[in-house]
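Asker: One structure is given below, represented as structure tokens, and several questions about it will come after.
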2 protein chains.
Amino acid sequence: MSPYGLHRVVEPAGVLPQQAERLDADPKPWPDEVVVDVERLNLDAASFRQLSERYGSGDAVRAAVLEIVGRRGKMHNPVTGSGGMLLGTVREAGPESPLGLKPGDRIATLVSLTLTPLRITDELAGWDGKSEQVPCRGTAVLFGRSIAAVLPGDMPDHLALSVLDVCGAPALTDRVVRRDGDPSVLVLGGGGKSGSLSLAAARRAGASRVIALVPTEAEARAVEAVGLADEVVIADARDPVAVARAVDGQVSVTIVCVDVPGCEHGAVLATADGGTVVFFSMATSFSAAALGAEGLAADVEMIIGNGYVPGHAEFALELIRTEPGVRELFEARERQTSGA
Amino acid sequence: MSPYGLHRVVEPAGVLPQQAERLDADPKPWPDEVVVDVERLNLDAASFRQLSERYGSGDAVRAAVLEIVGRRGKMHNPVTGSGGMLLGTVREAGPESPLGLKPGDRIATLVSLTLTPLRITDELAGWDGKSEQVPCRGTAVLFGRSIAAVLPGDMPDHLALSVLDVCGAPALTDRVVRRDGDPSVLVLGGGGKSGSLSLAAARRAGASRVIALVPTEAEARAVEAVGLADEVVIADARDPVAVARAVDGQVSVTIVCVDVPGCEHGAVLATADGGTVVFFSMATSFSAAALGAEGLAADVEMIIGNGYVPGHAEFALELIRTEPGVRELFEARERQTSGA
């Protein structure tokens with residue numbers, strides 16, 4: 001039995017569940033596992049788009065998802081390599097599970113479907129194949145090292161999931177800011193989801209000064225209105241010289257939450273020697289960061305934003321509960337993306 | 001005047017020298033600059049390969065390099081985006097230069113040619129266009145923030161350059177190990193250039209146990225013979241489960257010096273919660289590292305290996321002088337690559 005689920009790998013032997021072609025999705029828990037009754041799958045956006053474009057009709061997309069899960073024992077799109085996450089209710093927790101979950105807990109998984117053993121039992125009868133949100137009956141398995149968050153009863157699911165999606169950022173921001181003492185903190189993309197949570201986390205952790213950098217006047221007004229930053233500046237985060245000018249002086253800690261490529265040099269240039277840059281954007285280029293700092297002779301520590309920090313889900317949910325400004329930005333963003 | 005050389009950018013206005021289409025290569029130093037008489041350019045391997053494949057004959061390759069430098073004011077290959085470095089002798093140092101260089105110092109630049117103003121005055125008459133090593137007369141400019149190392153008189157140029165090429169790794173290893181106290185340290189790729197320097201740096205910095213992971217029996221014997229590690233283990237660094245098995249337990253600090261893609265998960269799996277992974281390989285994938293750690297619920301800090309740490313050149317040269325084992329591995333590797 002392995003906390004990483006190696007015992008669930010059917011083939012090829014000896015790889016991690018995420019790399020596996022096929023997992024054993026038997027809904028009988030090993031001693032450190034948890035079995036979940038699935039309620040809904042949220043497919044990764046890239047995966048759903050690929051399936052829709054490839055298969056066209058909703059029926060064909062549904063058949064494709066059933067085929068993948070039937071064959072692989074997990075919803076791991078072989079073309080995009082991505083998965084998604086799921087909602088469900090704990091059915092059974094093995095006696096040695098370290099996750100602290102009990103039967104009846106309603107949870108969201110925070111690890112990818114690409115490594116989660118999954119069995120579908122309703123042929124996805126309740127899904128029309130036309131949305132990433134997949135109503136589903138079946139079972140999933142959590143390993144000793146899996147991560148799941150109990151869904152809070154005091155906020156709508158969609159808000160909780162939206163927060164959980166980016167909950168690594170505020171937790172790591174908290175840690176980095178506390179370690180530094182009372183640093184000045186710049187958040188690139190301070191108006192976004194991970195950005196607004198990071199602003200709130202930085203201030204709570206004792207930052208001496210919190211600066212939000214956003215791309216537009218409208219976003220600047222929104223962030224200013226909720227009072228999450230001491231200062232809001234406007235610049236294109238991809239333009240290093242513009243970022244440095246906007247910030248006017250260097251900060252000790254820079255948090256990168258802008259999900260577009262090319263923000264590495266601006267982040268480095270805005271950070272003082274001895275400072276830290278944390279990259280949360282998946283659009284970050286490793287080599288652009290490494291070579292950029294070298295080319296600027298910048299003695300900054302650059303951290304790859306790890307999506308997992310112990311206690312990250314609870315921490316982020318607590319921020320959304322107690323920081324009305326963060327909740328306001330989240331809800332405004334959801335109204336925007338839902339087109340309302 | 002800007003320590004980053006913004007005043008040398010001709011077009012487009014307002015970008016950093018590396019992003020510029022064209023730099024002003026006038027060999028008259030601004031107050032914080034240093035002007036160098038160039039002796040040799042070392043073209044980046046990828047750049048030279050592209051030029052050779054595109055232009056064929058040595059004469060045509062030479063003409064292409066002259067055209068690029070004439071037009072851009074720097075040797076910045078527009079196709080590969082890469083440059084290289086140069087050797088030369090300091091001609092003049094501006095009164096406000098912080099680099100500590102004086103006329104007559106023989107130096108190597110440690111910042112890329114892609115951001116170094118360069119003028120060629122001999123039409124590259126001494127170069128046949130058939131090697132990355134380009135004998136060259138001309139001038140280059142170092143900014144306040146540029147990095148250059150004085151070439152040591154007590155070792156051959158080729159050895160010094162080979163060390164300077166990877167000198168960020170041992171310096172950052174030293175810093176991370178000291179910060180941790182007396183951690184156990186694993187070096188993936190411990191038989192290579194940056195790997196062997198990192199092993200030596202880790203031990204000097206007080207690591208309680210130093211493990212080298214290498215891919216082959218032959219390399220294991222070579223590392224064992226020079227005594228740089230307490231333990232040498234053999235595994236494919238791209239196979240996370242194999243890495244974890246080989247290490248048998250987790251370490252506090254893992255240094256990744258293997259220049260092939262796919263080593264992120266093994267590094268994470270080998271590192272204990274609360275530990276640190278430093279990625280020096282340019283083949284590192286940002287997203288594989290971030291998502292890998294999350295998928296394994298690993299609370300490890302992942303650092304992007306910054307090629308610049310103050311004092312890094314002197315530190316690495318000192319290691320090669322005083323650690324016969326490191327020098328032996330370097331020289332063996334050079335004999336290998338030169339085919340001798």
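Asker: Specify which of the listed residues (B:R327, B:R335, B:R321) is in contact with a helix residue (DSSP H, G or I) (Cβ under 7 Å, 6 or more places away or on another chain) and of a type in the set (K, R).
Answerer: Only one candidate passes the filter, namely B:R327.
Asker: Considering the range B:109-125 alone, what residues qualify as being within 24 Å of B:H158 (Cβ to Cβ) and more than 14 Å from chain A (Cβ to nearest Cβ)? Spell out how you get there, then give the answer.
Answerer: Kept after step one, since they are within 24 Å of B:H158 (Cβ to Cβ), are these residues of the range B:109-125: B:109-114, B:116, B:118, B:120, B:122, B:124-125.
Answer for the range B:109-125, where residues must be within 24 Å of B:H158 (Cβ to Cβ) and more than 14 Å from chain A (Cβ to nearest Cβ): B:L118, B:I120, B:D122, B:L124, B:A125.
Asker: Among the residues of the range B:310-328, write down those that are open to solvent by less than 20 Å² (accessible area, probe 1.4 Å) and either more than 19 Å from the chain's Cα centre (by Cα) or at pLDDT below 95 (or both).
Answerer: So the first thing to find is which residues in the range B:310-328 are open to solvent by less than 20 Å² (accessible area, probe 1.4 Å), and the list is B:312-313, B:316-317, B:319-320, B:325-326.
Once the filter is applied, which keeps residues that are open to solvent by less than 20 Å² (accessible area, probe 1.4 Å) and either more than 19 Å from the chain's Cα centre (by Cα) or at pLDDT below 95 (or both), the range B:310-328 yields only B:G325.
Asker: Scan the range A:156-208 residue by residue and report those that are among the basic types (K, R) and under 14 Å from the mean Cα position of the chain (by Cα). Even if it seems obvious, please write down each step before you answer.
Answerer: Within the range A:156-208, the subset among the basic types (K, R) is A:175, A:178-179, A:193, A:203-204.
Once the filter is applied, which keeps residues that are among the basic types (K, R) and under 14 Å from the mean Cα position of the chain (by Cα), the range A:156-208 yields only A:K193.
Asker: Identify, please: which residue in the range A:173-203 is outside any loop (DSSP other than H, G, I, E, B), touching a residue at least 60 places away in the same chain (Cβ under 8 Å) and open to solvent by 10 Å² or more (accessible area, probe 1.4 Å) and is, among those, farthest from the other protein chains (Cβ to nearest Cβ)?
Answerer: A:S184
Asker: I would also like to ask the following. Taking only the range B:1-54 into account, find how many residues are closer than 29 Å to B:D128 by Cα, of a type outside the set (A, V, I, L, M, F, W, C), away from chain A (no Cβ under 13 Å) and part of a loop (DSSP other than H, G, I, E, B).
Answerer: Number satisfying all stated conditions: 4.
Asker: Could you check the range A:263-286 and list, in sequence order, the residues that are within 17 Å of B:L16 (Cα to Cα) and at the interface with chain B (Cβ under 10 Å from one of its Cβ atoms)?
Answerer: The answer is A:E264, A:H265, A:G266, A:V268, A:L269.
Asker: Determine if the range A:288-296 includes at least one residue that is under 25 Å from A:R203 (Cα atoms), part of a helix (DSSP H, G or I) and more than 7 Å from chain B (Cβ to nearest Cβ). Working first, answer last.
Answerer: Kept after step one, since they are under 25 Å from A:R203 (Cα atoms), are these residues of the range A:288-296: none.
No, that holds for no residue.
Asker: Related question: Of the conditions (1) facing chain A (nearest Cβ under 8 Å); (2) hydrophobic (A, V, I, L, M, F, W, C); (3) over 27 Å from A:V260 (Cβ atoms), B:V251 clears all except one; give me its number.
Answerer: (1)
Asker: Scan the range B:155-163 and tell me whether some residue there is in contact with a strand residue (DSSP E or B) (Cβ under 9 Å, 6 or more places away or on another chain), within 13 Å of chain A (Cβ to nearest Cβ) and open to solvent by less than 10 Å² (accessible area, probe 1.4 Å). First the steps, then the outcome.
Answerer: Filtering the range B:155-163 down to residues in contact with a strand residue (DSSP E or B) (Cβ under 9 Å, 6 or more places away or on another chain) leaves B:157, B:160-161.
Those still in the list that are within 13 Å of chain A (Cβ to nearest Cβ) too: none.
No, the range B:155-163 contains no residue that is in contact with a strand residue (DSSP E or B) (Cβ under 9 Å, 6 or more places away or on another chain), within 13 Å of chain A (Cβ to nearest Cβ) and open to solvent by less than 10 Å² (accessible area, probe 1.4 Å).
Asker: Which residues, taken from the range A:266-279, are open to solvent by 10 Å² or more (accessible area, probe 1.4 Å) and more than 14 Å from A:A237 (Cα to Cα)?
Answerer: Quick first cut of the range A:266-279, residues open to solvent by 10 Å² or more (accessible area, probe 1.4 Å) only: A:269, A:272-274, A:276.
Across the range A:266-279, the qualifying residues are A:A272, A:D273, A:G274, A:T276.
Asker: Do you know which residues across the range A:301-321 are facing chain B (nearest Cβ under 7 Å) and either of a type in the set (K, R) or not in a strand (DSSP E or B) (or both)? Break it down stepwise before answering.
Answerer: The initial filter retains those residues of the range A:301-321 that are facing chain B (nearest Cβ under 7 Å), namely A:301-310.
Answer for the range A:301-321, where residues must be facing chain B (nearest Cβ under 7 Å) and either of a type in the set (K, R) or not in a strand (DSSP E or B) (or both): A:G305, A:N306, A:G307, A:Y308, A:V309, A:P310.
Asker: Across the range A:277-298, which residue is farthest from B:G262 (Cα to Cα) among those that are at pLDDT 95 or above and β-branched (V, I, T)?
Answerer: The residue in question is A:V277.
Asker: What is the number of the single condition among (1) in contact with a strand residue (DSSP E or B) (Cβ under 7 Å, 6 or more places away or on another chain); (2) surrounded by fewer than 21 Cβ atoms within 10 Å (Cβ to Cβ) that B:D248 does not meet?
Answerer: Failing condition for B:D248: (1).
Asker: Report yes if some residue within the range A:34-57 is farther than 23 Å from A:A148 by Cβ, aliphatic (A, V, I, L, M) and open to solvent by 40 Å² or more (accessible area, probe 1.4 Å); otherwise report no. Before the answer, list the steps.
Answerer: Let us first name the residues in the range A:34-57 that are farther than 23 Å from A:A148 by Cβ, namely A:49-57.
Now restrict to residues that are aliphatic (A, V, I, L, M): A:51.
If we keep only those that are open to solvent by 40 Å² or more (accessible area, probe 1.4 Å) too, we end up with none.
Checked the range A:34-57: no residue is farther than 23 Å from A:A148 by Cβ, aliphatic (A, V, I, L, M) and open to solvent by 40 Å² or more (accessible area, probe 1.4 Å).
Asker: Moving on to the next point. Give me a count of the residues in the range A:140-150 that are more than 27 Å from A:R54 (Cα to Cα) and either among the β-branched types (V, I, T) or more than 12 Å from every other protein chain (Cβ to nearest Cβ) (or both). Show your work before the answer.
Answerer: Applying the first criterion (more than 27 Å from A:R54 (Cα to Cα)) to the range A:140-150 yields A:141-150.
Now restrict to residues that are either among the β-branched types (V, I, T) or more than 12 Å from every other protein chain (Cβ to nearest Cβ) (or both): A:141, A:147, A:149-150.
Count: 4.
Asker: Further question: Regarding B:S287, is this residue open to solvent by less than 60 Å² (accessible area, probe 1.4 Å) and touching a residue at least 40 places away in the same chain (Cβ under 8 Å)?
Answerer: Details: open to solvent by less than 60 Å² (accessible area, probe 1.4 Å): yes; touching a residue at least 40 places away in the same chain (Cβ under 8 Å): no.
For B:S287, the condition - open to solvent by less than 60 Å² (accessible area, probe 1.4 Å) and touching a residue at least 40 places away in the same chain (Cβ under 8 Å) - is not met.
Asker: While we're on this one: Considering only residues that are in contact with a strand residue (DSSP E or B) (Cβ under 7 Å, 6 or more places away or on another chain) and polar (S, T, N, Q), look in the range B:113-145 and name the one that is farthest from B:E318 (Cα to Cα). Step through it out loud before you land on a result.
Answerer: Applying the first criterion (in contact with a strand residue (DSSP E or B) (Cβ under 7 Å, 6 or more places away or on another chain)) to the range B:113-145 yields B:113, B:116-122, B:124, B:126-127, B:132-142.
Okay, now just the ones that are also polar (S, T, N, Q), so B:116, B:121, B:133, B:139.
Working: B:T116: 27, B:T121: 35, B:Q133: 26, B:T139: 29 Å.
Restricting to residues being in contact with a strand residue (DSSP E or B) (Cβ under 7 Å, 6 or more places away or on another chain) and polar (S, T, N, Q), the top hit is B:T121.
Asker: Being small (G, A, S), outside any loop (DSSP other than H, G, I, E, B) and open to solvent by less than 30 Å² (accessible area, probe 1.4 Å) is the filter here; which residues of the range A:63-122 pass it?
Answerer: So in the range A:63-122, the residues small (G, A, S) come out as A:63-64, A:70, A:73, A:81-84, A:88, A:93-94, A:97, A:100, A:104, A:108, A:112.
Restricting the remaining residues to those that are outside any loop (DSSP other than H, G, I, E, B) gives A:63-64, A:70, A:84, A:88, A:93, A:108.
Correct list: A:A64, A:G84, A:G88, A:A108.
Asker: Here's another thing I want to ask about it. Could you check how many residues of the range A:1-20 are without any contact (Cβ under 8 Å) to a residue 24 or more places away in the chain and open to solvent by 60 Å² or more (accessible area, probe 1.4 Å)?
Answerer: Counting residues in the range A:1-20 that are without any contact (Cβ under 8 Å) to a residue 24 or more places away in the chain and open to solvent by 60 Å² or more (accessible area, probe 1.4 Å) gives 4.
Asker: For the range A:224-263, give me each residue that is in a loop (DSSP other than H, G, I, E, B), under 20 Å from A:A207 (Cα atoms) and at pLDDT 95 or above.
Answerer: A:G227, A:L228, A:A229, A:D230, A:Q250, A:C257
The values are calculated or read from the model by the stated rules, or taken from the named source; none is laboratory data. Note that the coordinates shown come from a computational prediction; the quantities given were computed from them, not determined experimentally. Every residue, glycine among them, receives a Cβ derived from its backbone with ideal geometry; neighbour counts consider all protein chains shown. Just so you know, the surface numbers come from the protein's heavy atoms only, side chains and all, with ligands and any DNA or RNA stripped out. Shrake-Rupley method; radii C 1.70, N 1.55, O 1.52, S 1.80 Å.
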